[in-house]
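A short worksheet on the structure shown next.
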Amino acid sequence: MLKVRDLETAYGRSQVLFGISFDVAPSQVVTLLGRNGMGKTTTVRSIMGITPPRAGSIAFEKIALEKMPSYLIAQAGIGLVPEGRQVFPNLTVRENLVATAKKRGEDPWTLEKVFHLFGNLRERQNHYGNQLSGGEQQMLAIGRALMTNPRLLILDEATEGLAPLVRAGIYRSIEQLKSQGLSILLIDKDVRALTRVADVHYVLEKGRVVWKGTSAELAANREVQHRYLGV
């Protein structure tokens, strides 16, 4: 579904990505792992056209994305939950969700489906974005992305700064989305939770992929966890 090859991206003269390659298959959950500043968010920004790459290729369902503007990439079927959530603070929960709704596909996402996935949002649907807790804002950010009816969902720092119980709830929701066949590219730091939900992991170090493996392989490889992930 997503095929990234030899991706190189820079901010001015400062190069961040050095030939990154990875794949996301249909109905698969794939993670990008690594310490802060290793290039994970820049990779997401390159995929979404926010920081276009200098070299390499990005193909989504065989559509070349590397020279497309962000709005066309989103319309192609990629939903982004950005780092920091970035919900609309002066819109209600319901308005945040309706603002991004796009009816496409055989079984499109609706308000009712989002509220079924995140019961807290149903109860808070008339509250403004800036009145929500961090966990509720993350639920809203995911729900807002789902309302675009993506075929690939990208979550950047999916549970950053959230309490353990809230993180567990977010991961349960990700497992539900996976069971429904949604492809997911996931960035987070909770290795134990990630090995339960994801299929394949790519570890980044200084803008390069230094390790790739399955959840079973990552869980068993203490050296990789300690050296590259600080676990």
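Please pull out the direction-averaged projected area of segment 1-49, using the convex hull of its alpha-carbon atoms, in nm² to one decimal place.
Its Cα hull, projected and averaged over all orientations, spans 3.6 nm².
Each residue of segment 29-42 was assigned a 3J(HN,Hα) from its phi angle through the Karplus expression (A = 6.51, B = -1.76, C = 1.60, θ = phi - 60°), giving 9, 10, 10, 10, 10, x, 5, 4, x, 8, x, 5, 5, 4 Hz with x at Gly and Pro.
Rounded, prolate or oblate, given the Cα gyration tensor of segment 27-87, with a/c below 1.5 counting as rounded? It comes out rounded by the Cα gyration axes.
Roughly how many debye, to the nearest 20, is the charge dipole of segment 118-231 about its Cα centre, given +1 on each Lys and Arg Cβ, -1 on each Asp and Glu Cβ, and no other charges? Magnitude of the dipole: close to 100 debye. Size descriptors for segment 144-203 (Cα atoms only): Rg and Dmax, in that order, 11.2, 30 Å.
For segment 5-60, relative contact order (Cα pairs under 8 Å, six or more residues apart, normalised by length) works out to 46 percent.
Calculate the tail of P(r) for segment 169-231: the fraction of all Cα-Cα distances greater than 15 Å, expressed in %.
Cα-Cα pairs of segment 169-231 separated by over 15 Å account for 51 percent.
Remark on residue 61: its backbone amide H falls under 5 Å from those of 2, 3, a criterion applied only to residues 5 or more positions apart or on other chains, H modelled at 1.01 Å from N. The angle between the Cα long axis of helix 164-179 and the main principal axis of the chain comes to about 80°, on a 0 to 90 degree scale. Comparing 138, 180, 86 in a Gaussian network model of the chain, where Cα atoms under 10 Å apart are tied by springs, the biggest mean-square fluctuation is seen for 180. Listed by chain and number, the lysines placed with their C-alpha closer than 24 angstrom to that of residue 113 are 102, 103, 178; residues fewer than eight positions away on the same chain are left out.
Tally up the carbon and sulfur contribution to the accessible surface of segment 101-142 as a whole percent, 1.4 Å probe, everything protein left in place. Reported share for carbon and sulfur atoms: 44 percent.
For segment 26-93, the relative contact order is 19 percent, taking Cα pairs closer than 8 Å that sit 6 or more residues apart in sequence and dividing their mean separation by the residue count. Solvent-accessible surface of the chain, averaged per residue with a 1.4 angstrom probe and all protein chains in place: 48 square angstrom.
Sorted largest first, the spans of the alpha carbon positions of the chain along the three principal axes are 45, 38, 34 Å. Whole-Hz Karplus values for segment 128-133 come out as 6, x, 7, 9, 8, 6 Hz, taken residue by residue from phi with 6.51 cos²θ - 1.76 cosθ + 1.60 and θ = phi - 60°; glycine and proline positions read x.
Using a probe of 1.4 Å on the protein chains alone, the accessible area found for residue 71 is around 140 Å². Ranking 171, 186, 211 by how far each Cα lies toward the positive end of the dipole of the chain (charges on Cβ) leaves 211 at the top. From the cross-link list 189/212; 3/40; 40/189; 3/62; 40/206, which pairs have alpha carbons spaced over 19 Å apart? Among 189/212; 3/40; 40/189; 3/62; 40/206, the Cα-Cα distance tops 19 Å for no pair. In terms of its C-alpha gyration tensor, segment 61-167 comes out prolate, because a/c is 1.5 or above and the ratio a/b outweighs b/c. Contact order for the chain, expressed relative to its length and based on alpha carbon pairs under 8 Å spaced 6+ residues apart, stands at 27 percent.
Less than 5 angstrom separates the built amide H of residue 205 from those of 210, all sequence-distant by 5 or more or on a different chain.
The values are calculated or read from the model by the stated rules, or taken from the named source; none is laboratory data. In this text, all values refer to a predicted model and were calculated from it rather than measured experimentally. Note that each Cβ is placed from the backbone with ideal geometry, even for glycine, and that neighbours are counted across all protein chains shown. All accessible areas refer to the heavy atoms of the entire protein, side chains included, with ligands and DNA or RNA removed. Shrake-Rupley method; radii C 1.70, N 1.55, O 1.52, S 1.80 Å.
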